[in-house]
Amino acid sequence: MFSRETYVGRRAELKRLVGSGVILLFGNNEAPKNYPANAYFPFRQDSSFVYYFGQHRDGLVGVIDIDNDRETLIGDDIDIEDIVWYGSVDCVADLAAQVGVGNSAPMSQLRQICQDAIAAHRTVHFLPPYRHDTKIQIMDLLAIHPAEQKQRASMPLIRAVVKMRSTKEPQEIEAIERACDVGYQMHTTAQRLIRPGVTERYVGGQVDGIANSLANGNSFATIFSQHGEIMHGCPSDAPLEEGRLALCDAGCELDDYCSDHTRTMPVGGKFTQRQLEIYSIVEECHDYVLDVARPGVKYMDVHFAVCRRMTERLKELGLMRGDVDEAVRAGAHAMFLPHGLGHMMGMDVHDMEGLDQTNVGFDEETRPNLEQFGTNCLRMGRRLQEGFVVTDEPGIYFIPALIDDWRASGHCKDFLNFERLETYKDFGGIRIEDDLLITSDGCRFLGHERIPYHPKDIERN
């Protein structure tokens, strides 16, 4: 938790940006895993609720009455049964006082607050819900069916939250750096363990153990696989094999903020020549972002600059052909890079994605292209600003089913050498990812120590 003044100031700015009405910010409830008493652990609070109200207890709702300048923390105090099992916690009134909220009330009063606002024809603002219990709660309070809630969510509130959470305060940047430092421990642990015969599940489990031991757990489910061409490949029981590549995409949450890194390593300790050729292209594209990302530049333009660089290098290997700009316009590069260069990161590893990626990564000036394969997965395209944190994660993947599909249809056949692509179907995939802070005059990677990714450093480990 940051200082009391932090949350007071954030709510004041939120009121200024939204202008009028009543804001409801729903905290999360406990989520049962397979029966009521066996909940997912540790409890994860809603990020926007934490951003404005700072508290991590379940069963809370923050109410901000803008017109009457009245803030209320809604929630029920725990009873003796809960104290027996979970220990004592602060009462809701004390939780409110800790973050500068002047009023508290039991959950039973929330319905009356909403009914009074509706009766007075006042706007009740809420964010798009993503948990089913919250959707039911909104339906009970506001008589809006869950199927309609995303469309009925408040755009003024969404825009205000995105505006505020996109630009990270110095204390937030420090928190992300601390998470990145744990990420360093996670990935260097994986690098030490990768050797023939060790299973994917074992390495992935050790990576998770670091996150659980040094942080509040993972920021997302760890991706560790010899099938790097599968974007979200989870660890299997398969033993690591000499000559293959192992891709590790993992991060942690610490003090409410995330890290997200990816490294790809040769199982036997040395890259083959073919692996090194592809790896060096991804490495070059990853580092190239440092030269072009800065305030005022669209991240979409950074993405396509990387795509052109990648296409040039793949042409040199005979995997692509034709005019580079025409190939990128046609989307031929998406054979190898079917996702965007990166995404916003902060309290959520895909920061604020629950508010709809179009609202977070784009704006009136920069709109997403949802029609072209690959480009439709670009999560961040808008102009960069000082204080933004985005991921830089280029990759090259050889996906056998995609190669077959495009070859059969003749898609981008003028720019792709399908005969040569056939010989790479057993390659897998490579991705290198770091977390990038946009500074006043450029950008820098976050984390006090860089996870090894240059070939000589990986092979030395």
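The values are calculated or read from the model by the stated rules, or taken from the named source; none is laboratory data. Since this is a predicted model, take the numbers as computed values, not measurements. Neighbour counts are summed over all protein chains in view; Cβ atoms, including those assigned to glycine, are modelled from backbone coordinates with ideal geometry. Each accessible area value is taken on the protein alone, full model and side chains, heavy atoms only, with ligands, DNA and RNA left out. Shrake-Rupley method; radii C 1.70, N 1.55, O 1.52, S 1.80 Å.
Overview of values
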{"quantity": "Extreme residue, most open to solvent (accessible area, probe 1.4 Å), among residues of the stretch 158-188 that are within 29 Å of GLY209 (Cα to Cα) and among the basic types (Lys, Arg)", "calculated": "ARG178"}
{"quantity": "Hits in the stretch 406-441 (condition: on the phi > 0 side of the Ramachandran plot and either out of contact with any His (no Cβ under 7 Å at 6 or more places or on another chain) or free of Cβ contacts under 8 Å to residues at least 24 places away in the same chain (or both))", "calculated": "GLY410, CYS412"}
{"quantity": "Out of ASP65, ASP76, ASP82, sole residue that is modelled with pLDDT of 90 or more, more than 21 Å from PHE220 (Cβ to Cβ), out of contact with any Cys (no Cβ under 8 Å at 6 or more places or on another chain) and open to solvent by 30 Å² or more (accessible area, probe 1.4 Å)", "calculated": "ASP76"}
{"quantity": "Within the stretch 374-384, considering residues that are touching a Pro at 6+ places or on another chain (Cβ under 7 Å) and part of a loop (DSSP other than H, G, I, E, B), the one modelled with the lowest pLDDT", "calculated": "GLY374"}
{"quantity": "Flag if GLY233 is within 17 Å of GLU433 (Cα to Cα), without any contact (Cβ under 8 Å) to a residue 24 or more places away in the chain, open to solvent by less than 30 Å² (accessible area, probe 1.4 Å) and not hydrophobic (A, V, I, L, M, F, W, C)", "calculated": "yes"}
{"quantity": "Among (1) open to solvent by 30 Å² or more (accessible area, probe 1.4 Å); (2) in contact with a strand residue (DSSP E or B) (Cβ under 9 Å, 6 or more places away or on another chain); (3) assigned to a loop (DSSP other than H, G, I, E, B) - the single one GLU241 does not satisfy", "calculated": "(2)"}
{"quantity": "Residue within the stretch 259-272 that is farther than 22 Å from HIS454 by Cβ, part of a loop (DSSP other than H, G, I, E, B) and open to solvent by 10 Å² or more (accessible area, probe 1.4 Å) present", "calculated": "no"}
{"quantity": "Whichever residue in the stretch 388-446 is assigned to a strand (DSSP E or B) and among the hydroxyl-bearing types (Ser, Thr, Tyr) and, among such residues, is farthest from LYS163 (Cα to Cα)", "calculated": "TYR397"}
{"quantity": "Given (1) touching a Pro at 6+ places or on another chain (Cβ under 6 Å); (2) under 12 Å from GLY428 (Cβ atoms), number of the condition PHE224 does not satisfy", "calculated": "(2)"}
{"quantity": "Residue tally, condition surrounded by fewer than 18 Cβ atoms within 10 Å (Cβ to Cβ) and among the small types (Gly, Ala, Ser), over the stretch 100-143", "calculated": "5"}
{"quantity": "Number of the condition not met by ASN216 [criteria: (1) out of contact with any Pro (no Cβ under 7 Å at 6 or more places or on another chain); (2) assigned to a loop (DSSP other than H, G, I, E, B); (3) in contact (Cβ under 8 Å) with a residue 60 or more places away in the chain]", "calculated": "(1)"}
{"quantity": "Yes/no for PRO368 being open to solvent by less than 50 Å² (accessible area, probe 1.4 Å), farther than 27 Å from TYR52 by Cβ, modelled with pLDDT under 95 and not basic (Lys, Arg)", "calculated": "yes"}
{"quantity": "Members of the stretch 123-181 that are small (Gly, Ala, Ser), touching a residue at least 12 places away in the same chain (Cβ under 8 Å) and more than 30 Å from ARG263 (Cα to Cα)", "calculated": "ALA153, SER154, ALA160"}
{"quantity": "Matching helices (runs of 4 or more DSSP H) fully within the stretch 130-196 where at least 1 residues are within 23 Å of ASP348 (Cα to Cα), out of contact with any Ser or Thr (no Cβ under 7 Å at 6 or more places or on another chain) and of a type in the set (Ser, Thr, Tyr)", "calculated": "132-142, 155-166, 170-193"}
{"quantity": "One residue from ILE399, ILE403, ILE438 being surrounded by 16 or more Cβ atoms within 10 Å (Cβ to Cβ), under 30 Å from LEU25 (Cβ atoms) and out of contact with any Lys or Arg (no Cβ under 6 Å at 6 or more places or on another chain)", "calculated": "ILE438"}
{"quantity": "Some residue of the stretch 352-361 being out of contact with any Leu (no Cβ under 7 Å at 6 or more places or on another chain), free of Cβ contacts under 8 Å to residues at least 40 places away in the same chain and either farther than 20 Å from TYR130 by Cβ or acidic (Asp, Glu) (or both)", "calculated": "yes"}
{"quantity": "Failed item, numbered, when ALA211 is tested on (1) assigned to a loop (DSSP other than H, G, I, E, B); (2) in contact with a strand residue (DSSP E or B) (Cβ under 8 Å, 6 or more places away or on another chain)", "calculated": "(1)"}
{"quantity": "Any hit, the stretch 287-302, residues being more than 20 Å from ILE438 (Cα to Cα) and either open to solvent by less than 10 Å² (accessible area, probe 1.4 Å) or out of contact with any helix residue (DSSP H, G or I) (no Cβ under 7 Å at 6 or more places or on another chain) (or both)", "calculated": "no"}
{"quantity": "Counted residues, the stretch 60-76 - those being of a type in the set (D, E, K, R) and touching a helix residue (DSSP H, G or I) at 6+ places or on another chain (Cβ under 6 Å)", "calculated": "1"}
{"quantity": "Meets criteria (touching a residue at least 24 places away in the same chain (Cβ under 8 Å), of a type in the set (Lys, Arg) and surrounded by fewer than 17 Cβ atoms within 10 Å (Cβ to Cβ)) for ARG444", "calculated": "yes"}
{"quantity": "Extreme residue, modelled with the highest pLDDT, among residues of the stretch 24-55 that are over 20 Å from GLN98 (Cα atoms), open to solvent by less than 50 Å² (accessible area, probe 1.4 Å) and aliphatic (A, V, I, L, M)", "calculated": "ALA31"}
